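Read through the structure below, which is laid out as structure tokens, and then see the notes.
The values are calculated or read from the model by the stated rules, or taken from the named source; none is laboratory data. Source: prediction; values computed, not measured. Cβ sites come from the backbone with ideal geometry, for glycine too, and all protein chains shown count toward neighbours.
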Amino acid sequence: MAPDHHGATAAGEFFWLWLLLTVLWFAANSSLSPESIVTGAAISAALAYVFTRTPGPWRDVRFSPTRLYHFIRYTGVFAVELVRANISMMGYVFAPRININPGVVKIKTKLMTPVGRLALANSIALTPGSLVIDIEEDNLFIHLLDVKTDDPDEATRLIASPFEERLELTFG
């Protein structure tokens, strides 16, 4: 019999989500003042309570130290990709002549959970030069400032693969 979500499993899910949100708060806020710590912990607790007690996409997410570790590694991968995309954008901005090929590409993700797909879409959208315009099942449609390929497999490799491995280990 599967454990209900009102027992120990729900408490564990609440704890890991609270911990993750609190760590994100500290990283985003860059302050360890007592007021910041109390505010971040309280807001994180409220969000964790809502997300673990209501049905929805977060019900599929399982929290554990291993998943938290992979999320932290994903954050590093995202930071590297963000810097690369910004350097690429600087190349376009400072080029004497802009040579771009804007368009929409379709990629196929191997991520199975809605939260994993959402995290991938947001990761792509937050990197300059790309914008996710639609998600249909396991397909993402992305507008790119400079399309390098129309092949969905190659586009998936170029756009999604830096994020997918860590997101799959984090969200499934």
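Does the range 81-90 contain at least one residue that is in a loop (DSSP other than H, G, I, E, B) and either out of contact with any Asp or Glu (no Cβ under 9 Å at 6 or more places or on another chain) or buried (at least 20 other Cβ atoms within 10 Å of the Cβ) (or both)?
No - not one qualifying residue is present in the range 81-90.
Kindly list, by first and then second residue, each pair from a residue in the range 146-162 that is charged (D, E, K, R) to a residue that is surrounded by 14 or more Cβ atoms within 10 Å (Cβ to Cβ) and not in a helix (DSSP H, G or I), limited to pairs with Cβ atoms under 7 Å and residues at least 6 apart or on different chains.
Filtered contacts from the range 146-162: D146/G129; D150/V105.
Mind telling me which of the residues P96, P102, P152, P128 ends up being surrounded by 14 or more Cβ atoms within 10 Å (Cβ to Cβ) and assigned by TED's automatic domain parsing to the domain that holds I72?
None of the other options fit; the residue is P128.
Filter the range 95-110 for residues that are modelled with pLDDT of 90 or more, more than 12 Å from L158 (Cα to Cα) and aliphatic (A, V, I, L, M) and give the result.
V104
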